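One structure is given below, encoded as C-alpha cells.
The values are calculated or read from the model by the stated rules, or taken from the named source; none is laboratory data. Given the structure is predicted, the values throughout are model-derived calculations rather than measurements. Note that each Cβ is placed from the backbone with ideal geometry, even for glycine, and that neighbours are counted across all protein chains shown.
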Amino acid sequence: MVRLIEPSGEGCRLLVRLTPKSSRDGLDGIDTLADGRLFLKARVRAVPEKGKANAQLVNILSKFLDVPTSAIRIGAGATSRLKTVHVDAPATEIEARLSKATD
C-alpha cells in the first residue's frame with residue numbers, strides 16, 4: 001500500500017505538489033500521481049523566485065503540522081513543482097495532524 005507519509009530516519013517524508021502565484025495560501029488535499037504515489041497539494045501566493053515559494057510552503061506546513069519551521073526542509077525538487085519534504089517528527093503524529101488539516 002502506498003502511503004502519503006513515509007518514515008525516514010528520525011522523522012518522515014512526504015511528496016508535495018506546490019502551486020506558486022496562487023490567489024491564496026493553503027493545503028488542497030491529497031491526490032495520486034500516475035505511478036500511484038500519493039502527494040499533498042499545496043498553494044502559495046509567493047512567486048517561485050529566490051526560494052520565496054518554498055519558504056512560504058515551509059511556513060504553511062509548519063502551521064498545519066504544528067512543528068517548528070526548523071523541523072521542515074525540502075529534500076528534493078527545490079526548483080520543481082513536485083517536492084520531497086522532510087519533517088523531523090514521527091510519521092504517525094504527522095499523519096494524524098495532516099488528516100485534520102485536509103478534512
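Worth pointing out:
- Residues of the stretch 80-99 satisfying the condition of being closer than 17 Å to ARG17 by Cβ and touching a residue at least 12 places away in the same chain (Cβ under 8 Å): ARG81, LEU82, LYS83, THR84, VAL85, HIS86, VAL87, LEU98
- Candidate set from the stretch 77-100 (those that are hydrophobic (A, V, I, L, M, F, W, C) and farther than 16 Å from GLY9 by Cα); member that is modelled with the lowest pLDDT: LEU98
- For the stretch 19-70, the set of residues classified as modelled with pLDDT under 90, in contact with a helix residue (DSSP H, G or I) (Cβ under 7 Å, 6 or more places away or on another chain) and charged (D, E, K, R) consists of ASP66 only.
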